1. Testing Leu148 on (1) over 26 Å from the mean Cα position of the chain (by Cα); (2) outside any strand (DSSP E or B), one condition comes back false. Which one is that?
2. Hey, any hits in region 108-123 for a residue that's of a type outside the set (A, V, I, L, M, F, W, C) and within 30 Å of Pro160 (Cα to Cα)?
3. Which members of region 43-61 meet the condition of being open to solvent by 40 Å² or more (accessible area, probe 1.4 Å) and not in a loop (DSSP other than H, G, I, E, B)?
4. Considering every residue within region 79-95, establish whether at least one is under 24 Å from Ala40 (Cβ atoms), of a type outside the set (D, E, K, R) and touching a His at 6+ places or on another chain (Cβ under 9 Å).
5. State the number of residues belonging to region 62-74 that are open to solvent by less than 50 Å² (accessible area, probe 1.4 Å) and touching a residue at least 12 places away in the same chain (Cβ under 8 Å).
6. Looking at Glu82, is it farther than 26 Å from Gln37 by Cα and either modelled with pLDDT of 95 or more or assigned to a helix (DSSP H, G or I) (or both)?
7. Give just the number: which of (1) under 30 Å from Val26 (Cα atoms); (2) crowded, with 16+ Cβ neighbours inside 10 Å does Val77 not satisfy?
8. Six or more apart or on different chains, Cβ atoms under 8 Å: show the pairs whose first residue is in region 128-145 and touching a residue at least 12 places away in the same chain (Cβ under 8 Å) and whose second is of a type in the set (Phe, Trp, Tyr).
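The values are calculated or read from the model by the stated rules, or taken from the named source; none is laboratory data. Keep in mind it's a predicted model, so treat the numbers as computed, not measured. Using ideal geometry, Cβ is built from the backbone for each residue, glycine included, and neighbour counts are taken over all protein chains shown. Only protein heavy atoms, including side chains, enter the accessible area calculation; ligands, DNA and RNA are left aside. Shrake-Rupley method; radii C 1.70, N 1.55, O 1.52, S 1.80 Å.
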Amino acid sequence: GPDPASPVKTQARQLLIYTATYHMAVFEATPAIDAVQKLAEEAGGYLVSRGDREITVRVPVDLYRGTLGKVTALGDVLHREESVEDVTERFYDLLVRIKNARAMRDLMEQLLTQAKDVKEALAVERELGRITAEIESMEGRMRLLKELIAFSTITVRFEPRPTEQV
């Protein structure tokens, strides 16, 4: 069969980040914000931030549509924005850059053991520190990217609705 170690030329699936921002009219913002948080937690998601009039949550991507449907039942939707960002290329590019940087770090660690003098050792150590910091930064970006692919972001801003309905 095919060699599992060989790099896959065609990606099996696109890596997408879903984001939605809703503006809604409700009589009271606080219970509506509580309700959004509860919907997110019931879906296996979590709270990102909340204020007096606004809440941001993340929900597992497969429950994103369903959760949005439930959110719309909380009041009148005044405005909605939804976006889908394809991060497939960025993801795999970052993966390759991390792999290359790790290989470079391994090489530097080897060079360090072979340094002829203190001056050379210090130069290698400096470069090693720079590469290590770069790897940590890229790994941090990778973690965030994976998180945003797995969990879609929903922000809801609530506007007060007048109590008197005409």
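1. All conditions pass for Leu148, except number (1).
2. The initial filter retains those residues of region 108-123 that are of a type outside the set (A, V, I, L, M, F, W, C), namely 109-110, 113-114, 116-117, 119-120.
In the following step, the residues that additionally are within 30 Å of Pro160 (Cα to Cα) were identified as none.
For region 108-123, residues of a type outside the set (A, V, I, L, M, F, W, C) and within 30 Å of Pro160 (Cα to Cα): absent.
3. Quick first cut of region 43-61, residues open to solvent by 40 Å² or more (accessible area, probe 1.4 Å) only: 44, 46-50, 52-54, 58, 61.
The answer is Tyr46, Leu47, Val48, Ser49, Arg50, Glu54, Arg58, Val61.
4. yes
5. In the first step, residues of region 62-74 are kept if they are open to solvent by less than 50 Å² (accessible area, probe 1.4 Å); the result is 64, 66-69, 71-72.
Next cut, touching a residue at least 12 places away in the same chain (Cβ under 8 Å) only: 64, 66-68, 71-72.
Summing the residues that are open to solvent by less than 50 Å² (accessible area, probe 1.4 Å) and touching a residue at least 12 places away in the same chain (Cβ under 8 Å) in region 62-74 gives 6.
6. On the way: farther than 26 Å from Gln37 by Cα: no; either modelled with pLDDT of 95 or more or assigned to a helix (DSSP H, G or I) (or both): yes.
Taking the combined requirement at face value, the residue does not satisfy it.
7. That leaves (2) as the condition not met.
8. Correct list of pairs: Met142/Phe91; Leu145/Phe91.
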